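Q: Following this message is one structure expressed as structure tokens.
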Amino acid sequence: MKKLALILTGGIFLVSLVALTAFKILPPRPSANGQGTLTLPYLNGTQHFSFHAQTDASNNVTGSFETKSPGQDIRVHGNIDCLNVLADGKTAVMTGLVTQVTGEGFPIAVGDRIWFKVQDNGEGANSTDDKFSDYFVFGGSCNSNFNVTMNAITGGNIQVKP
């Protein structure tokens with residue numbers, strides 16, 4: 001009987017230990033994601049975009065971005081490798097590498113580094129529009145907070161988590 005009680009006590013201890021360690025609440029990690037449409041005068045039409053970026057426990061950033069410009073018949077896809085949530089907690093800067101380009105007539109090529117900035121202005125009827133900078137091809141890092149025009153998005157949502 002003592003042996004059975006010892007085995008049961010040991011089993012309960014192991015289950016408790018696993019439950020406490022396996023379901024540990026992890027601290028939040030910076031992330032940003034969104035999708036929507038931009039109306040840009042220099043594009044002569046609309047541009048659809050989507051992106052997601054997340055930071056793991058080792059501070060490595062993974063994610064991807066895609067943009068389609070139907071008026072120009074172009075699609076650009078790439079991987080995000082850097083995410084910087086700015087001090088305001090609602091603006092994020094990201095950089096990445098272009099991996100696919102479909103269509104012609106746009107000055108972006110596979111292998112180009114891109115930079116872009118987004119702003120999450122909240123949810124609901126009382127919030128202002130979320131904003132997106134458009135994509136820029138140059139060697140800026142995601143620690144560079146360039147003063148670029150931020151365009152209000154339509155038909156979408158951006159979320160930034162510090």
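What follows is calculated from the coordinates using simple rules that are stated; it is not laboratory data. Computed from a predicted structure; not experimentally measured. We place every Cβ from the backbone using ideal geometry, glycine too, and count neighbours over all the protein chains shown.
Q: Positive end of the dipole of the range 69-117, charges at C-beta (+1 Lys, Arg; -1 Asp, Glu), about the Cα centre: which of Pro70, Phe116, Val93 has its Cα farthest in that direction?
A: Val93
Q: Let me spell out the model: positive unit charges on the Cβ of Lys and Arg, negative unit charges on the Cβ of Asp and Glu, origin at the Cα centre of the range 41-162. What dipole size does that give, in debye rounded to 20?
A: Numbers: 7 positive and 12 negative charges, 19 e Å.
For the range 41-162, the charge dipole is close to 100 debye.
Q: Give me the one-decimal nm value for the distance between modelled label points at Ala57 and Thr99, 7 Å along each residue's Cα-to-Cβ direction.
A: Each label point is offset 7 Å from its Cα along the Cβ direction, giving 2.5 nm.
Q: Going by a ≥ b ≥ c, the root eigenvalues of the Cα gyration tensor, does the range 31-161 fall in the rounded group (a/c under 1.5), the prolate group (a/b larger than b/c) or the oblate group?
A: Numbers: a/c = 1.74, a/b = 1.12, b/c = 1.55.
Cα axes put the range 31-161 in the oblate bin.
Q: A follow-up question, please. Would any residue of the range 65-84 have its amide N under 19 Å from a label point 7 Å out along Cα→Cβ of Asn145? List them or say none.
A: Within reach of a label on Asn145: 82-84.
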